[in-house]
Amino acid sequence: MDVDDISIGDLWDRVTGTQPDPPLWLVALVGLVALGAVVHGPTWRIARNTVTIAHEGGHALIALLTGRKLDGIKLHSDTSGVTVSRGKPHGPGMIFTAMAGYLTPPLLGLFFALLLAGGRITLMLWFSLALLAAMLIMIRNAYGALSVIVTGAIIFGVSWLGSADVQAGFAYLAACFLLLAATRPVIELQRMRARRMAPSSDADQLAHLTGVPGLAWVSLFGATALLALVIGVALLIPDGVSASDLSSTPTP
């Protein structure tokens, strides 16, 4: 489509319209790629930036929704991040803000899976762009801004220039990665807590705020990630494919 000929209505229809489900082989392929990105150490150290963006974005969003003043977000090259907000140092607003970080990646992955299950592939990609644009406003360091801009540029390029299969593959890859990747930071968190290397972790802050042990919060984060993974995978299997279809063999 010629860019000069695209009207607002055309753009709206393109973003909100539905697209056909990708073939099962493509869904399986991107699922394996996403799994490899999570379990392969060198790849994970790069891909984890995506999880950090979602993690810190979750803190920021809930801080705003609960009436706290958001001072800014910083993303670091070691894949860590920090979100600074002002308000009462205790109470529901602080508790929900602290909870949001580890809960956001699996829940965002699940939301993406819901959109993809409804055929909203382009909408899922552009919704991601809107989230990144909103987050970019609050980024307060150069590396963080670069991370968000590069991620957004890749998504925009795929959504605007990619073929239907490329868009579908990329969208399903993003959803699969968030669903699969959400558990690894929780495991890493508990390992660091066991070695007393994370005294100010989200789980320990929540323990201080609520009196509920930090391990209970880690368990909540892990259970949410696993539940989202199970539901998300079920949603991402293309319509018309069942367990019997996968196990059956053609008869002559």
Quick check on Trp25: is it assigned to a helix (DSSP H, G or I), open to solvent by 60 Å² or more (accessible area, probe 1.4 Å) and of a type in the set (Phe, Trp, Tyr)? yes
Please specify each residue of segment 50-64 satisfying the condition of being under 17 Å from Gly109 (Cβ atoms) and either within 10 Å of the chain's Cα centre (by Cα) or surrounded by fewer than 21 Cβ atoms within 10 Å (Cβ to Cβ) (or both). Thr50, Val51, Thr52, Ile53, Ala54, His55, Gly57, Gly58, Leu61
Search segment 162-209 for residues being of a type in the set (Val, Ile, Thr) and in contact (Cβ under 8 Å) with a residue 40 or more places away in the chain, and hand back the single one that is most open to solvent (accessible area, probe 1.4 Å). Thr183
Test Gly119 against the criterion of being open to solvent by less than 60 Å² (accessible area, probe 1.4 Å) and either at pLDDT 95 or above or under 19 Å from Glu188 (Cβ atoms) (or both), and give yes or no. no
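With the structure loaded, tell me whether Gly109 is at positive phi and touching a residue at least 60 places away in the same chain (Cβ under 8 Å) or whether it fails that test. Let's see the steps before the verdict.
On the way: at positive phi: no; touching a residue at least 60 places away in the same chain (Cβ under 8 Å): yes.
No: the conditions fail for Gly109.
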Has segment 204-221 got at least one residue that is under 30 Å from Thr122 (Cα atoms), in a helix (DSSP H, G or I) and modelled with pLDDT of 95 or more? yes
With the structure loaded, tell me whether Thr43 is surrounded by fewer than 21 Cβ atoms within 10 Å (Cβ to Cβ) and among the β-branched types (Val, Ile, Thr) or whether it fails that test. yes
Conditions (1) charged (D, E, K, R); (2) modelled with pLDDT of 95 or more; (3) in a loop (DSSP other than H, G, I, E, B) -> Asp239 fails only (2)
Within the set of pairs 6+ apart or on separate chains, which have a first residue in segment 65-80 that is under 17 Å from Ile149 (Cα atoms), a second that is open to solvent by 50 Å² or more (accessible area, probe 1.4 Å) and not in a strand (DSSP E or B), and C-beta atoms under 8 Å apart? Gly72/Arg140; Ile73/Arg140; Lys74/Arg140; Leu75/Tyr143; His76/Tyr143; Ser77/Tyr143; Thr79/Arg45
Anything in segment 65-81 that is of a type outside the set (Ser, Thr, Tyr), exposed (fewer than 15 other Cβ atoms within 10 Å of the Cβ) and either under 21 Å from the mean Cα position of the chain (by Cα) or under 19 Å from Ala181 (Cβ atoms) (or both)? List them, or say none. Leu65, His76, Asp78
Listed residues Ser85, Ser128; which is among the small types (Gly, Ala, Ser), under 24 Å from Thr210 (Cβ atoms) and surrounded by 16 or more Cβ atoms within 10 Å (Cβ to Cβ)? Ser85
Residue pairs qualifying under the 7 Å Cβ cut-off, at least six apart or on distinct chains, with the first in segment 122-150 being closer than 21 Å to Ile62 by Cα and free of Cβ contacts under 8 Å to residues at least 12 places away in the same chain and the second being open to solvent by 20 Å² or more (accessible area, probe 1.4 Å) and in a helix (DSSP H, G or I), are Ala145/Leu136
Residue pairs, Cβ under 8 Å, 6 or more apart or interchain, first in segment 1-24 and modelled with pLDDT of 70 or more, second open to solvent by 60 Å² or more (accessible area, probe 1.4 Å) and basic (Lys, Arg). List them. Thr16/Arg120; Thr18/Arg120; Gln19/Arg120
Going through segment 31-82 one residue at a time, which ones are in a strand (DSSP E or B) and not aliphatic (A, V, I, L, M)? Lys69, Asp71, Gly72, Lys74, Gly81
Which of the residues belonging to segment 94-116 are open to solvent by 30 Å² or more (accessible area, probe 1.4 Å) and of a type outside the set (A, V, I, L, M)? Phe96, Tyr102, Thr104, Phe111
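The values are calculated or read from the model by the stated rules, or taken from the named source; none is laboratory data. Quantities reported herein were computed from a predicted structural model and do not represent experimental measurements. Positions of Cβ are backbone-derived with ideal geometry, glycine not excepted, and every protein chain shown enters the neighbour counts. Just so you know, the surface numbers come from the protein's heavy atoms only, side chains and all, with ligands and any DNA or RNA stripped out. Shrake-Rupley method; radii C 1.70, N 1.55, O 1.52, S 1.80 Å.
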